[in-house]
Amino acid sequence: PQYAIAPPAVLMLLLQNEALLKGVDVSCLRCIGSGSAPLPPVMIRTYADRYGIEIVNNFGSNEGVSLCSGALEAPDPEQRAVLFPRFGRPDVHWPQRVAKLIETRVIDPDTRAEIVDDGRPGELQIRGPVVFDGYFGAPEINAQSFTPDGWFRTGDLFEIAGGGRYYRFVGRLKQLIVRGGMKISPDELDAVLAEHPDIAEAAAVGYPDDVLGERICAVVVPKPGRTVTIESLQEHFRARGLAIFKWPERVRVVERLPRNPVGKVVRGDVSRIAAAGADAAAGATGAPA
């Protein structure tokens, strides 16, 4: 095979446990498609350097559309982890066939106005023959999911980047952490946590706070024999240049992250772990180590 598909969690696991691939010839693989969660840049770099395999960042859903960011669209791993070609726009040329089959736009959730300049988050909406007709037997859900002119509301927040040629994934509209009025994407924090040298996998979520509304908790799975502290996390975020209001203020250590059958982190379960007291969290899904 020249092409394979795997979620980021599996690809990271293979990199962190070299014994799993020892003796396996993967030289035939040209690229691996991944998605369903943010891709750590270190993963993209390592597969290219160690195995000569390019990781393609795919974004899509069962409802339709596919944005694909590979080595040709975004050669830099840092960009490929978060940027997708702005397919479906008459003013932006991409040679890929899917770019001509779909329509995409970004809409301000508050004003409902279309966003056309860089750096302003909005909901990605899609339309075209690769988008489904609707949810069967669910007229009320369809009325909420589609605009009157037929655009599907994805619920995903994107912003325009790169002078109008790219979309940057910001996060799920309903999963943003709102800390003291500042809206923070947990996916951005997840990508930073993934590059911490002592962490095997991690997810950032908000937990309730009487003053700020929410604060940030990192739920982490340490690498074998390693220890993760709030001090080491904050120093890591400082070194990466993130604003101080994006730093974790609580850490929960677990044996594994709760995931659904396709490997996607279940944020609701992670949030319950983050919100629980240190003792109560021991009985939660993804029990602390």
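The values are calculated or read from the model by the stated rules, or taken from the named source; none is laboratory data. In this text, all values refer to a predicted model and were calculated from it rather than measured experimentally. Methodologically, a virtual Cβ is constructed for each residue, glycine included, from the backbone with ideal geometry; neighbour enumeration extends over all protein chains shown. Heavy atoms of the whole protein, side chains included, go into the accessibility calculation; ligands, DNA and RNA do not. Shrake-Rupley method; radii C 1.70, N 1.55, O 1.52, S 1.80 Å.
Summary table below
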| read-out | value |
| --- | --- |
| Residues satisfying the stated conditions in region 114-140, i.e. hydrophobic (A, V, I, L, M, F, W, C) and either surrounded by 13 or more Cβ atoms within 10 Å (Cβ to Cβ) or within 25 Å of the chain's Cα centre (by Cα) (or both) | ILE115, VAL116, LEU124, ILE126, VAL130, VAL131, PHE132 |
| Tally, over region 192-241, of residues that are part of a loop (DSSP other than H, G, I, E, B), touching a helix residue (DSSP H, G or I) at 6+ places or on another chain (Cβ under 6 Å) and either open to solvent by 50 Å² or more (accessible area, probe 1.4 Å) or touching a residue at least 60 places away in the same chain (Cβ under 8 Å) (or both) | 2 |
| Restricting region 21-66 to residues that are more than 19 Å from GLN2 (Cβ to Cβ) and of a type in the set (Val, Ile, Thr), the residue that is least open to solvent (accessible area, probe 1.4 Å) | VAL65 |
| Qualifying residue in region 67-80 (condition: in contact (Cβ under 8 Å) with a residue 12 or more places away in the chain, open to solvent by 10 Å² or more (accessible area, probe 1.4 Å), closer than 22 Å to GLY150 by Cα and assigned to a loop (DSSP other than H, G, I, E, B)) | no |
| Test result for ARG86, buried (at least 20 other Cβ atoms within 10 Å of the Cβ) and of a type in the set (D, E, K, R) | yes |
| Members of region 128-179 that are among the acidic types (Asp, Glu), within 26 Å of ARG97 (Cβ to Cβ) and not in a loop (DSSP other than H, G, I, E, B) | ASP156, GLU159 |
| Subset tally (residues that are in a strand (DSSP E or B) and out of contact with any strand residue (DSSP E or B) (no Cβ under 8 Å at 6 or more places or on another chain)) for region 44-66 | 0 |
| Qualifying positions in region 93-110 - modelled with pLDDT of 90 or more, over 19 Å from ILE184 (Cα atoms) and in a loop (DSSP other than H, G, I, E, B) | HIS93, TRP94, PRO95, ILE102 |
| Residue within region 145-158 that is in contact (Cβ under 8 Å) with a residue 60 or more places away in the chain, farther than 25 Å from GLU78 by Cα, open to solvent by 80 Å² or more (accessible area, probe 1.4 Å) and of a type outside the set (Val, Ile, Thr) present | no |
| Residues within region 164-181 that are over 19 Å from the mean Cα position of the chain (by Cα) and over 20 Å from ASN57 (Cα atoms), tallied | 3 |
| Residue among VAL178, VAL170, VAL130 that alone is closer than 26 Å to VAL265 by Cβ, touching a Leu at 6+ places or on another chain (Cβ under 8 Å) and at pLDDT below 90 | VAL170 |
